[in-house]
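Heads up: the structure comes next, in structure tokens.
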């Protein structure tokens with residue numbers, strides 16, 4: 001039992017829970033809740049994330065290991081049937097983990113009366129290597145699919161309603177949601193979706209390119225990736241990334257979802273699973289790209305090109321396919337931060353606690369009391385959406401969200 005900070009509601013948190021097992025480079029095997037055994041609590045092996053200067057370093061990170069298909073659940077009670085919010089973390093498909101304290105859903109669960117599930121999935125070469133005879137690619141995406149199947153089968157035992165699941169993703173997690181929409185196997189696993197800061201223009205790597213990178217990785221590794229030490233895999237992963245950057249290949253990370261496989265089609269302009277009747281929020285932060293480029297006059301135009309325009313296009317496609325889609329722009333610029341409304345700045349408003357987030361460079365000089373005031377507003381908006389599929393505008397909840405900027409997309 002835990003008391004979320006700044007909340008009078010007691011929330012039960014169950015973590016870690018193993019939802020699947022997988023051999024190295026093998027597909028995940030779904031487990032039952034009762035048959036999972038004691039979870040390792042591991043997150044996927046990874047190198048330090050590139051956004052540490054923006055987000056800070058995670059506090060007391062879980063151990064790393066390949067037994068990483070684990071998740072965490074926060075719920076007000078195991079009785080009842082509440083909306084479920086499943087969070088898929090970001091990290092460019094090479095870093096992060098649902099078990100990090102940043103993504104503890106206890107406060108959101110308490111304030112919105114929802115069940116929050118935060119998911120680990122495989123990353124980097126372990127999740128996205130594409131190499132004939134070794135790995136088909138997209139294993140991390142399949143992990144997410146199986147995690148949603150686990151939620152469908154087991155979440156009622158934690159007070160959740162399996163027929164009312166909202167999947168929430170940030171950055172790579174948002175790209176993942178878009179790709180899940182292209183997978184027929186994901187049909188019916190979620191009713192609503194919230195995509196934060198993604199997807200942008202490039203949401204998949206063509207198979208031929210992915211296989212070429214896979215061979216480059218093996219050349220750097222110099223041994224069989226099926227039996228190599230994990231540290232050797234990560235070293236070769238970094239060497240491959242460095243070589244591609246030096247060659248000018250920077251648009252899409254090397255180990256990324258692969259198009260044209262048995263998991264994903266050659267293109268994802270359409271939707272492999274029906275989105276008719278689905279409720280979707282998708283948006284970005286006003287200065288999103290400053291996390292990668294630094295502040296400057298270029299930030300607004302670059303954010304529009306890289307995130308806003310593709311997000312408007314996605315919302316239009318969703319509406320045309322029978323969904324109800326809204327776009328938003330978050331304009332919150334924390335005092336004392338030169339990065340403004342940068343990538344990830346909404347995460348402390350939604351998940352985690354003061355203990356998990358402070359100190360945090362992107363929050364600048366803003367006190368946690370100020371963060372929490374705005375956080376309560378955002379958690380209310382996201383929670384209301386999970387309950388009803390409707391949005392709360394700024395006239396209802398004071399929060400600097402512009403709904404449907406430029407009026408290009410209007411929810412039906």
If I filter segment 33-44 for residues that are part of a loop (DSSP other than H, G, I, E, B), touching a helix residue (DSSP H, G or I) at 6+ places or on another chain (Cβ under 7 Å) and more than 28 Å from residue 337 (Cα to Cα), do I get at least one hit?
yes
Single unsatisfied condition, residue 190 versus (1) buried (at least 24 other Cβ atoms within 10 Å of the Cβ); (2) within 16 Å of the chain's Cα centre (by Cα); (3) at pLDDT 95 or above; (4) farther than 21 Å from residue 42 by Cα:
(1)
What residue, among those in segment 164-187 that are touching a strand residue (DSSP E or B) at 6+ places or on another chain (Cβ under 6 Å) and more than 22 Å from residue 330 (Cβ to Cβ), is surrounded by the fewest Cβ atoms within 10 Å (Cβ to Cβ)?
164
How many of the residues in segment 209-258 are over 24 Å from residue 67 (Cβ atoms) and assigned to a loop (DSSP other than H, G, I, E, B)?
9
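Can you list the helices (runs of 4 or more DSSP H) found entirely within segment 93-179 that contain at least 3 residues being within 12 Å of the chain's Cα centre (by Cα)?
Details: elements: 106-112, 124-128, 139-154.
So the answer is 139-154.
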Within the set of pairs 6 or more residues apart or between chains, which connect a residue that is in contact (Cβ under 8 Å) with a residue 40 or more places away in the chain and on the phi > 0 side of the Ramachandran plot inside segment 378-392 to a residue that is outside any helix (DSSP H, G or I) and crowded, with 20+ Cβ neighbours inside 10 Å with Cβ atoms less than 9 Å apart?
389/166; 389/192; 389/278; 389/279; 389/324
Of all residues in segment 394-410 being in contact with a helix residue (DSSP H, G or I) (Cβ under 9 Å, 6 or more places away or on another chain) and under 22 Å from residue 313 (Cα atoms), which is modelled with the highest pLDDT?
401
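Please find, among 48, 83, 53, the residue that is part of a strand (DSSP E or B) and either touching a helix residue (DSSP H, G or I) at 6+ places or on another chain (Cβ under 7 Å) or closer than 24 Å to residue 239 by Cα (or both). Before you say what the answer is, go through the steps one by one.
On the way: 48 fails: part of a strand (DSSP E or B); 53 fails: part of a strand (DSSP E or B).
So the residue among 48, 83, 53 that is part of a strand (DSSP E or B) and either touching a helix residue (DSSP H, G or I) at 6+ places or on another chain (Cβ under 7 Å) or closer than 24 Å to residue 239 by Cα (or both) is 83.
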So the helices (runs of 4 or more DSSP H) completely within segment 345-399 holding 1 or more residues that are under 19 Å from the mean Cα position of the chain (by Cα) and loosely packed, with under 15 Cβ neighbours inside 10 Å are none
Residue ID - surrounded by the fewest Cβ atoms within 10 Å (Cβ to Cβ), chosen from residues in segment 310-324 that are outside any helix (DSSP H, G or I) and touching a strand residue (DSSP E or B) at 6+ places or on another chain (Cβ under 8 Å)
324
Yes/no for residue 83 being in contact with a strand residue (DSSP E or B) (Cβ under 9 Å, 6 or more places away or on another chain) and buried (at least 16 other Cβ atoms within 10 Å of the Cβ):
yes
Would you confirm whether or not segment 299-309 contains a residue that is at positive phi and either crowded, with 20+ Cβ neighbours inside 10 Å or not in a helix (DSSP H, G or I) (or both)?
no
List every residue pair whose Cβ atoms sit under 6 Å apart, with the two residues 6 or more apart in sequence or on different chains, where the first one lies in segment 294-312 and is without any contact (Cβ under 8 Å) to a residue 12 or more places away in the chain and the second, anywhere, is surrounded by fewer than 18 Cβ atoms within 10 Å (Cβ to Cβ).
none
Checking 272, 283, 277, 248 in turn, the sole residue that is within 30 Å of residue 211 (Cβ to Cβ) and in contact (Cβ under 8 Å) with a residue 12 or more places away in the chain turns out to be 272
Only listed residue being surrounded by 20 or more Cβ atoms within 10 Å (Cβ to Cβ) and out of contact with any helix residue (DSSP H, G or I) (no Cβ under 8 Å at 6 or more places or on another chain), chosen from 252, 275:
252
Yes or no: residue 336 under 21 Å from residue 287 (Cβ atoms), without any contact (Cβ under 8 Å) to a residue 40 or more places away in the chain and outside any helix (DSSP H, G or I)?
yes
Within segment 47-71, residues being surrounded by 14 or more Cβ atoms within 10 Å (Cβ to Cβ) and closer than 18 Å to residue 292 by Cβ number 7
For segment 210-229: of the residues being in contact (Cβ under 8 Å) with a residue 24 or more places away in the chain and buried (at least 16 other Cβ atoms within 10 Å of the Cβ), which is farthest from residue 200 (Cα to Cα)?
225
Does residue 77 satisfy the condition of being within 20 Å of residue 33 (Cα to Cα), in a loop (DSSP other than H, G, I, E, B) and modelled with pLDDT of 95 or more?
yes
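The values are calculated or read from the model by the stated rules, or taken from the named source; none is laboratory data. None of these values were measured; they are calculated from a predicted model. We place every Cβ from the backbone using ideal geometry, glycine too, and count neighbours over all the protein chains shown.
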